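As structure tokens, the structure follows; a few thoughts come after it.
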Amino acid sequence: MSTARGESAAWQEAYHSGALKQRREATYARKLHRLGLTSPTTDTRTLDIACGSGEALTTLAETGFTRLHGLDLDAPTSAEVEPFHRTMGDGGRLPFADSTFNQVLCLHALHHFRSLEHIAELLGEARRVLKPAGALLLIDHFDSFYLRAIFRLLQFRCPLYPTAARHFGDQLRDEREIVAWWLDNWRALLPLIEQHGLKVEHFRRGLFFFYLRCTPIS
């Protein structure tokens, strides 16, 4: 999962670890269900921006979705055939025609765009490539005292932590400044959505993440 700048080698090593990959594979079905992605149709075209190693799209493929596309700055690290079309590129400059997709996803990646300006570019591009009846679906962290406390704990190197938690801690240490920036500024996302021709149809908070569905304003 990367954006315009790309991620460090240390971050990439942690992200592609077997433990975190298994964690993503185990949790995406539940998360995608919360976004309402439960009823595939043969003509639904889906784009996942900053798709990383593609677990979300693979989960959708297993559910029966076809016509799946992923975009990321990085090439895949595995030689395995992916059940989706991968394009290398930046989420703020999508190489797709207007009104191409029924749904656009950006999952756990908004904070990697590193500025509200770049997030605004993403929102504008998502609006452009969405069909009039399409939807933009977002998941990311929201600020809370307990989330910041957990993040601080995970950054300690503790051999007693589960393997996935240790690797996630490696990621947090590498990106702690940008995570702190995002938690300070995530609420600016909602007015940005409206400024770029989208309206919030559904907003739900879980324990650590928000789930957000937006549709184009006609």
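Here are the numbers for the structure shown:
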{"item": "Failed item in (1) surrounded by fewer than 21 Cβ atoms within 10 Å (Cβ to Cβ); (2) over 20 Å from Tyr28 (Cα atoms); (3) of a type outside the set (D, E, K, R), with Leu123 passing the rest", "result": "(1)"}
{"item": "In segment 46-65, the residues that are charged (D, E, K, R) and buried (at least 17 other Cβ atoms within 10 Å of the Cβ)", "result": "Asp48, Glu55"}
{"item": "Qualifying residue in segment 84-104 (condition: in a helix (DSSP H, G or I), at negative phi, at pLDDT 95 or above and of a type in the set (Phe, Trp, Tyr))", "result": "no"}
{"item": "Some residue of segment 130-150 being small (Gly, Ala, Ser), out of contact with any Lys or Arg (no Cβ under 7 Å at 6 or more places or on another chain) and surrounded by 16 or more Cβ atoms within 10 Å (Cβ to Cβ)", "result": "yes"}
{"item": "Residues located in segment 190-208, provided they are out of contact with any helix residue (DSSP H, G or I) (no Cβ under 8 Å at 6 or more places or on another chain) and not hydrophobic (A, V, I, L, M, F, W, C)", "result": "Pro191, Glu194, Glu201, His202, Arg205"}
{"item": "Meets criteria (at positive phi and surrounded by fewer than 18 Cβ atoms within 10 Å (Cβ to Cβ)) for Gly197", "result": "yes"}
{"item": "Test set (1) more than 15 Å from Val104 (Cα to Cα); (2) modelled with pLDDT of 95 or more; (3) among the polar types (S, T, N, Q) - Thr46 fails condition number", "result": "(1)"}
{"item": "One residue from Leu73, Leu68, Leu35 being surrounded by 15 or more Cβ atoms within 10 Å (Cβ to Cβ) and touching a helix residue (DSSP H, G or I) at 6+ places or on another chain (Cβ under 9 Å)", "result": "Leu68"}
{"item": "Tally, over segment 23-82, of residues that are touching a residue at least 12 places away in the same chain (Cβ under 8 Å), part of a loop (DSSP other than H, G, I, E, B) and of a type in the set (A, V, I, L, M)", "result": "5"}
{"item": "Subset of segment 83-120 that is of a type in the set (Lys, Arg) and free of Cβ contacts under 8 Å to residues at least 40 places away in the same chain - its residue that is surrounded by the most Cβ atoms within 10 Å (Cβ to Cβ)", "result": "Arg86"}
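Table: residues versus (1) surrounded by fewer than 15 Cβ atoms within 10 Å (Cβ to Cβ); (2) in contact with a Phe, Trp or Tyr (Cβ under 8 Å, 6 or more places away or on another chain).
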{"residue": "Arg157", "(1), (2)": "yes, no"}
{"residue": "Thr163", "(1), (2)": "yes, no"}
{"residue": "Arg166", "(1), (2)": "no, no"}
{"residue": "Gly169", "(1), (2)": "no, yes"}
{"residue": "Leu172", "(1), (2)": "no, yes"}
{"residue": "Val179", "(1), (2)": "no, yes"}
{"residue": "Asp184", "(1), (2)": "yes, no"}
{"residue": "Leu189", "(1), (2)": "no, no"}
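The values are calculated or read from the model by the stated rules, or taken from the named source; none is laboratory data. Given the structure is predicted, the values throughout are model-derived calculations rather than measurements. Please note: Cβ atoms are built from the backbone with ideal geometry, for glycine as well, and neighbour counts cover all protein chains shown.
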